[in-house]
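In what follows, a single structure is set out as structure tokens and then discussed.
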Amino acid sequence: MSMIFNVARSDFFKAVSSLQSITSKKGTIAILANVLVETGNECLFLTATDLEVGIKIEIPAEISSPGSITIPSKKIFEVTREIADEHLRVEVSENKWIKIATQSGQYNLAGSDSEEYPSFPEFDRDVMATLSADMLKETIEKTIFSVAHEGDSHFNLTGVLIEKEESEDKNFIRLVSSDGHRLTIKKSEAETDISKLKLEKTILVPKKGIVEMSKLCENKEFVELGFDNKQAVVKTDKTLMIIRLMNGDFPDYKNIIKAISRDNFIEIERDTFISSLKRINLFTEDLFNSVQFSFVDDKLILTSQNMDIGSAKEEIDIVYKGENMNLGFNGKYFVETMQVMKSKKIKAYLSSEKSPCLIEGDEDPGFMSIVMPMKI
């Protein structure tokens, strides 16, 4: 008997859309470009995986005949995007052809046997803890920008470190990222019980998995998070995501923080600083974005030069009582850091021309960013 179901186009399209970032990855296993569709009890399960991140979504449906099939992800996305009807009737024949019927048309796609599709990983439900979706999403957004790019020689920096901190009255989730030139930390209070989270070992979540985790938090009040059998598990009421964890260690960031002196710092308007650096960055060499920072009394002088374009110079009023210094930094790193902050004023701690700069803000509790200097 063939597989037959009726489903709301909006529900089906929304689910298929959210799986495109998983199935779009080019690989050697052709079937991973497909979405696995399975019938349940008055529902459909849509699954996608690239063997690093797997997502299973449940949507309501009227099931006339149960079954399973895999459908080319990109094509079913394109077809359902263009269909105007509110409802779809889908029939899968014995030879794996998929017929999508609407009031005004019929569309036929070649499917593949679901038995060829990788099985979805199992997990221990007892390791799941409930977290605020907004808290988790904000913590991710404030650290993901400084993750090393895929293919970087420092493989262990292409993911985000996740830690927890528990005390008698408060619990915290901490995310740490670095690309070797900068380090970003965001510690957020978890106003829920996180005792079930098992974080005995180094938990490194790959960048793609962290991006998908952030997407899953959108328009949700709570999500469940757990770590089990070398995988991260994220769950909402209708969506389950499993991310394969990375192997390896993470730099000892705590000692890096301890080594930074807080004796000298500048205080500066964040928006003013961002605007100036964006203009100065227009005249930097694209590869390094090198900007000279000169501290003279209560002035910060920013200068940059590009041999093919020209040069730029700006002065900004700051609060600074330390010695005069000339330092070089990647201006782009400062902009990206400050863009995720909320503080009207930021503090940048500086001690010498060879020491890293630590950036904090009073209105960004638990957040700090460290930027390594450059030779000028």
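Looking across the range 304-327, the residues that are surrounded by fewer than 17 Cβ atoms within 10 Å (Cβ to Cβ) and under 13 Å from Glu285 (Cα atoms) come down to Gln305, Asn306, Met307, Asp308, Ile309, Gly310, Ser311.
Kindly check whether there is at least one residue in the range 190-203 that is of a type outside the set (S, T, N, Q), in contact (Cβ under 8 Å) with a residue 60 or more places away in the chain and in a strand (DSSP E or B). No; the residues of the range 190-203 include none that is of a type outside the set (S, T, N, Q), in contact (Cβ under 8 Å) with a residue 60 or more places away in the chain and in a strand (DSSP E or B).
Only one entry in Glu78, Glu94, Glu116, Glu86 is free of Cβ contacts under 8 Å to residues at least 24 places away in the same chain, surrounded by fewer than 17 Cβ atoms within 10 Å (Cβ to Cβ) and of a type in the set (D, E, K, R), namely Glu78. Which one is nearest to the chain's Cα centre (by Cα) among residues in the range 1-43 that are closer than 28 Å to Val205 by Cβ, hydrophobic (A, V, I, L, M, F, W, C) and not in a helix (DSSP H, G or I)? The selected residue is Leu19. All conditions in (1) at pLDDT below 95; (2) surrounded by 20 or more Cβ atoms within 10 Å (Cβ to Cβ); (3) closer than 22 Å to Ile260 by Cα hold for Gly180, with the sole exception of (2).
Regarding Lys56, is this residue closer than 26 Å to Asn229 by Cα and at pLDDT below 95? When the stated conditions are applied, Lys56 does not pass them.
Could you tell me whether Val147 is crowded, with 17+ Cβ neighbours inside 10 Å, in contact with a strand residue (DSSP E or B) (Cβ under 9 Å, 6 or more places away or on another chain), assigned by TED's automatic domain parsing to the domain that holds Thr184 and in contact (Cβ under 8 Å) with a residue 40 or more places away in the chain?
On the way: crowded, with 17+ Cβ neighbours inside 10 Å: yes; in contact with a strand residue (DSSP E or B) (Cβ under 9 Å, 6 or more places away or on another chain): yes; assigned by TED's automatic domain parsing to the domain that holds Thr184: yes; in contact (Cβ under 8 Å) with a residue 40 or more places away in the chain: yes.
Here the answer is yes, as Val147 does meet what is asked.
Summed over the range 284-325, the residues that are outside any strand (DSSP E or B), of a type in the set (Val, Ile, Thr) and under 20 Å from Phe265 (Cβ atoms) give a count of 1.
Restricting the range 56-75 to residues that are aliphatic (A, V, I, L, M) and in contact (Cβ under 8 Å) with a residue 60 or more places away in the chain, the residue that is farthest from Ala30 (Cα to Cα) is Ile59. In the range 51-71, what residues are crowded, with 20+ Cβ neighbours inside 10 Å and in a loop (DSSP other than H, G, I, E, B)? If the condition is that a residue be crowded, with 20+ Cβ neighbours inside 10 Å and in a loop (DSSP other than H, G, I, E, B), then Ala61 is the only one that fits.
Considering only the range 1-22, state which residues are surrounded by fewer than 21 Cβ atoms within 10 Å (Cβ to Cβ) and under 16 Å from Lys56 (Cα atoms).
Across the range 1-22, the qualifying residues are Asp11, Phe13, Lys14, Ser17, Ser18, Gln20, Ser21.
Within the range 147-177, the set of residues being within 17 Å of the chain's Cα centre (by Cα) and closer than 22 Å to Ser188 by Cβ comprises Val147, Leu157, Gly159, Val160, Leu161, Ile162, Glu163, Ile173, Arg174, Leu175, Val176, Ser177. Considering the range 205-247, the qualifying strands (runs of 3 or more DSSP E), each wholly inside and each with 2 or more residues that are more than 17 Å from the chain's Cα centre (by Cα), run over 222-228.
The values are calculated or read from the model by the stated rules, or taken from the named source; none is laboratory data. Nothing here was measured: the structure is a model prediction, and the numbers come from that model. Backbone-built Cβ (ideal geometry, glycine too); neighbour counts: all protein chains shown.
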